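Engineer: Pasting a structure below so you can have a look.
The values are calculated or read from the model by the stated rules, or taken from the named source; none is laboratory data. Just so it is clear, the model here is predicted, and its values are computed rather than measured. Note that each Cβ is placed from the backbone with ideal geometry, even for glycine, and that neighbours are counted across all protein chains shown.
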Amino acid sequence: MPLKRRVVRLFSKMSIKLSKDDSLFILDQIELPEQLRIKLEKNDDLNEDEADDLRDLCGEKLQVSGFDLDYNANEIGKQLENLIDKLFIG
(Lines give C-alpha, C1' and ligand atoms only; values in the text may rest on other atoms or scores of the structure.)
Protein backbone atom coordinates (compact mmCIF):
# COMPACT_ATOMS: atom_id res chain seq x y z
CA MET A 1 0.00 0.00 0.00
CA PRO A 2 1.59 3.28 -1.10
CA LEU A 3 2.04 6.04 1.42
CA LYS A 4 -0.13 9.02 0.84
CA ARG A 5 1.49 12.37 1.30
CA ARG A 6 -0.34 14.84 3.35
CA VAL A 7 0.02 18.29 1.92
CA VAL A 8 -0.38 21.14 4.31
CA ARG A 9 -0.87 24.53 2.74
CA LEU A 10 -0.13 27.53 4.80
CA PHE A 11 -1.87 30.66 3.72
CA SER A 12 -0.80 34.00 4.98
CA LYS A 13 -3.76 36.20 5.58
CA MET A 14 -3.54 39.37 3.60
CA SER A 15 -4.94 42.71 4.58
CA ILE A 16 -5.86 45.78 2.59
CA LYS A 17 -5.39 49.36 3.66
CA LEU A 18 -7.63 51.85 1.90
CA SER A 19 -6.80 55.52 1.70
CA LYS A 20 -8.72 57.90 3.92
CA ASP A 21 -10.39 59.34 0.80
CA ASP A 22 -11.50 55.86 -0.31
CA SER A 23 -12.89 55.13 3.15
CA LEU A 24 -14.79 58.44 3.24
CA PHE A 25 -16.20 57.82 -0.25
CA ILE A 26 -17.45 54.38 0.75
CA LEU A 27 -18.96 55.67 3.99
CA ASP A 28 -20.78 58.38 2.02
CA GLN A 29 -22.04 56.17 -0.82
CA ILE A 30 -22.74 52.69 0.57
CA GLU A 31 -24.91 51.40 3.37
CA LEU A 32 -22.58 49.17 5.38
CA PRO A 33 -22.91 46.58 8.11
CA GLU A 34 -22.00 48.18 11.44
CA GLN A 35 -18.72 46.29 11.96
CA LEU A 36 -17.44 47.24 8.51
CA ARG A 37 -18.59 50.84 8.93
CA ILE A 38 -16.68 51.14 12.20
CA LYS A 39 -13.52 49.76 10.62
CA LEU A 40 -13.73 52.26 7.77
CA GLU A 41 -14.42 55.13 10.16
CA LYS A 42 -11.19 54.22 11.97
CA ASN A 43 -9.49 53.63 8.61
CA ASP A 44 -8.32 50.23 9.88
CA ASP A 45 -6.89 47.53 7.62
CA LEU A 46 -9.44 45.12 6.15
CA ASN A 47 -8.92 41.37 6.26
CA GLU A 48 -9.65 39.21 3.22
CA ASP A 49 -13.25 38.46 4.18
CA GLU A 50 -14.03 42.11 4.89
CA ALA A 51 -12.42 43.20 1.62
CA ASP A 52 -14.46 40.59 -0.23
CA ASP A 53 -17.69 41.72 1.44
CA LEU A 54 -16.92 45.35 0.69
CA ARG A 55 -16.07 44.48 -2.92
CA ASP A 56 -19.51 42.84 -3.28
CA LEU A 57 -21.20 45.93 -1.82
CA CYS A 58 -19.28 48.19 -4.21
CA GLY A 59 -20.38 45.99 -7.10
CA GLU A 60 -24.01 46.22 -6.05
CA LYS A 61 -23.79 50.01 -5.73
CA LEU A 62 -22.09 50.18 -9.14
CA GLN A 63 -25.04 48.37 -10.75
CA VAL A 64 -27.57 50.71 -9.13
CA SER A 65 -25.98 54.12 -9.54
CA GLY A 66 -22.65 53.83 -11.33
CA PHE A 67 -23.74 54.37 -14.93
CA ASP A 68 -25.31 57.11 -17.00
CA LEU A 69 -28.20 56.58 -19.45
CA ASP A 70 -25.78 55.34 -22.14
CA TYR A 71 -24.29 52.77 -19.71
CA ASN A 72 -21.01 54.65 -19.42
CA ALA A 73 -19.50 54.79 -15.96
CA ASN A 74 -20.31 58.09 -14.25
CA GLU A 75 -18.00 59.66 -11.64
CA ILE A 76 -19.37 57.46 -8.84
CA GLY A 77 -19.08 54.43 -11.09
CA LYS A 78 -15.44 55.18 -11.93
CA GLN A 79 -14.58 55.45 -8.25
CA LEU A 80 -16.46 52.23 -7.48
CA GLU A 81 -14.69 50.39 -10.32
CA ASN A 82 -11.36 51.58 -8.93
CA LEU A 83 -12.29 50.37 -5.45
CA ILE A 84 -13.43 47.00 -6.77
CA ASP A 85 -9.99 46.58 -8.35
CA LYS A 86 -8.24 47.61 -5.11
CA LEU A 87 -10.32 45.20 -3.05
CA PHE A 88 -9.61 42.18 -5.26
CA ILE A 89 -7.28 39.82 -3.44
CA GLY A 90 -7.32 36.93 -5.89
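Engineer: What pairs come up if the first residue lies in the stretch 63-90 and is under 23 Å from Glu48 (Cα atoms) and free of Cβ contacts under 8 Å to residues at least 60 places away in the same chain, the second is surrounded by 14 or more Cβ atoms within 10 Å (Cβ to Cβ) and among the basic types (Lys, Arg), and their beta carbons are under 8 Å apart, counting only those six or more places apart or on different chains?
Structural biologist: Partner pairs satisfying both residue conditions: Leu80/Lys61; Ile84/Arg55; Phe88/Arg55.
Engineer: Would the stretch 41-52 turn up any residue that is over 18 Å from Lys13 (Cα atoms), touching an Asp or Glu at 6+ places or on another chain (Cβ under 8 Å) and either part of a loop (DSSP other than H, G, I, E, B) or aromatic (Phe, Trp, Tyr) (or both)?
Structural biologist: no
Engineer: Test each condition in (1) part of a loop (DSSP other than H, G, I, E, B); (2) under 15 Å from Leu87 (Cα atoms) for Glu31 and report the one that comes out false.
Structural biologist: (2)
Engineer: What's the number of the condition Asn82 fails, among (1) modelled with pLDDT under 95; (2) surrounded by 10 or more Cβ atoms within 10 Å (Cβ to Cβ)?
Structural biologist: (1)
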